[in-house]
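Peer 1: I'd like to ask some things about the structure below.
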Amino acid sequence: MFVKMICDDSIHIDSNSLLLLHVVSSKFSFDLLYFHSTNFNRKGSANMEAWVLYSILILLGLLIIAAALIWILGVKSQSPPINKAIHALPSMPYEDITFISEGLTIKGWFIPAKEATTPTSPLVIIVHGWGSNRTRVLRYVEPLYGEGYSLMLFDARAHGESDPYPTPSGIMFRDDVVAALDYAQTRSEIDPNRIAIFAYSLGAFGSTLAMGQDQRIKVIVTDSMPSRMETMITSELRRHKLPIFPLAYFIPRIWYYRLGITAKAAKKLDIVSTIKRTKTPMLLIHSRLDDYISSADLDYVIAHVPAGRVEHLFIHSEGHRSSETDPAFFATALPFLRKHL
């Protein structure tokens, strides 16, 4: 396998694949040198023309191999690992739920509000990241449940127990969030005018896109969100010391091609422009010690949206999946939700 997605927005480049590329490239290079050494001293234009033709064919072959490897890398990077293991359950009463997103079945949990004092309660929909499932965001549940919110967690398509999907992306997360909103409005115990999103990483990216087209989201809190589609790809290329160019150029285009959208349409899938054209209250949280999605992505958003449009918090928890361990995380997020929900 040429590339393998690992848990929560990461790509692992298989060393065997790189060795294969090295061997194939070395074989072509050896053939070219052998032909050159045995034919260079032959006289006549025919031999020179043959040498030129052979060289062109070799170069074309190398280009075809390179294009094939880039295509395979692009396809595999768009295929998260099948992480179906539900290795943990909510510690409070919950209900298994299913709903439909673009014809496919989504599975999740609904957790009713603790000691509800009114016929309806506000809802917080919690959204996981790439290559993950709903168990990975149970870490957010206890503090939110303690605030009296009903909670909903679900596995995005191609993740967890939900149906498979051939081309998962931030766009798919967007559409699954919208489907979750549709389902939430069928619950009689939920106040349809008080629905929040609490989303992590690529799930936050998709949720922000959903905010741009669905006014049912009243407030959104994001954790470790990439603000540009290319961010995850370039981060992984740097981590594995692979060339940013041309891989970072081609892989997003492979994604868009497989999604059936044009480059022009893809430009509209922009977090900054989405935030600019909406008024939904947002709290964006990112750790300065995130070793996968750099906090520079939050700096980018702050620099490009109007002053005061969003609230933000930089914390100092280690890694990409531990923001909630910083005391400032919930100390900031919970009052923000109280104020706007």
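Peer 1: Hey, could you check the range 114-168 for residues that are basic (Lys, Arg) and in a helix (DSSP H, G or I) and say which is farthest from Arg321 (Cα to Cα)? Write out each step before concluding.
Peer 2: The initial filter retains those residues of the range 114-168 that are basic (Lys, Arg), namely 114, 134, 136, 139, 157.
Adding the requirement that they be in a helix (DSSP H, G or I) leaves 134, 136, 139.
Working: Arg134: 14, Arg136: 9, Arg139: 10 Å.
It comes out as Arg134.
Peer 1: If you take the residues of the range 306-340 that are β-branched (Val, Ile, Thr) and surrounded by fewer than 20 Cβ atoms within 10 Å (Cβ to Cβ), which of them is farthest from Met232 (Cα to Cα)?
Peer 2: Thr332
Peer 1: Taking the range 199-225 as the search range and keeping residues that are in a loop (DSSP other than H, G, I, E, B) and under 14 Å from Val127 (Cβ atoms), which one is modelled with the lowest pLDDT?
Peer 2: Narrowing the range 199-225 to residues in a loop (DSSP other than H, G, I, E, B): 212-218, 224-225.
If we keep only those that are under 14 Å from Val127 (Cβ atoms) too, we end up with 214, 217, 224-225.
On the way: Asp214: 94, Ile217: 98, Ser224: 97, Met225: 97.
Restricting to residues being in a loop (DSSP other than H, G, I, E, B) and under 14 Å from Val127 (Cβ atoms), the top hit is Asp214.
Peer 1: Filter the range 273-298 down to the residues that are touching a Phe, Trp or Tyr at 6+ places or on another chain (Cβ under 9 Å) and either exposed (fewer than 15 other Cβ atoms within 10 Å of the Cβ) or of a type in the set (Phe, Trp, Tyr) (or both) and list them by number.
Peer 2: Passing the criteria: only Arg288.
Peer 1: Kindly indicate the residue of the range 68-105 that is in contact with an Asp or Glu (Cβ under 7 Å, 6 or more places away or on another chain) and exposed (fewer than 14 other Cβ atoms within 10 Å of the Cβ) and also modelled with the lowest pLDDT among those meeting that condition.
Peer 2: Looking at the filtered set, the residue picked out is Lys84.
Peer 1: Then there is this: Name the residue, out of Asp290, Asp297, that is of a type in the set (Asp, Glu), in contact with a strand residue (DSSP E or B) (Cβ under 9 Å, 6 or more places away or on another chain) and either more than 23 Å from Gly146 (Cα to Cα) or assigned to a helix (DSSP H, G or I) (or both).
Peer 2: Just one listed residue meets the conditions, Asp297.
Peer 1: OK, next. For the range 95-113, name all the residues that are assigned to a loop (DSSP other than H, G, I, E, B), touching a residue at least 24 places away in the same chain (Cβ under 8 Å) and either polar (S, T, N, Q) or over 25 Å from Glu147 (Cα atoms) (or both). Break it down into steps so the answer makes sense when it comes.
Peer 2: Step one: list which residues in the range 95-113 are assigned to a loop (DSSP other than H, G, I, E, B), which gives 102-103, 112-113.
Restricting the remaining residues to those that are touching a residue at least 24 places away in the same chain (Cβ under 8 Å) gives 102, 112-113.
Of everything in the range 95-113, just one residue is assigned to a loop (DSSP other than H, G, I, E, B), touching a residue at least 24 places away in the same chain (Cβ under 8 Å) and either polar (S, T, N, Q) or over 25 Å from Glu147 (Cα atoms) (or both), namely Glu102.
Peer 1: For the range 121-135, which positions are surrounded by fewer than 23 Cβ atoms within 10 Å (Cβ to Cβ) and over 14 Å from Met152 (Cβ atoms)? Step through it out loud before you land on a result.
Peer 2: Taking the range 121-135 and keeping what is surrounded by fewer than 23 Cβ atoms within 10 Å (Cβ to Cβ), we get 121-122, 135.
Thr135, the sole residue that qualifies.
Peer 1: Return the only residue of Arg157, Arg174, Arg136, Arg194 being charged (D, E, K, R), within 22 Å of Ile293 (Cα to Cα), in contact (Cβ under 8 Å) with a residue 40 or more places away in the chain and in the same structural domain as Phe329 (by TED's automatic domain parsing).
Peer 2: None of the other options fit; the residue is Arg136.
The values are calculated or read from the model by the stated rules, or taken from the named source; none is laboratory data. Predicted, not measured: the structure shown is a model, and the values here were computed from it. Quick reminder, even Gly has a Cβ in these numbers, built from the backbone with ideal geometry, and neighbours come from all protein chains shown.
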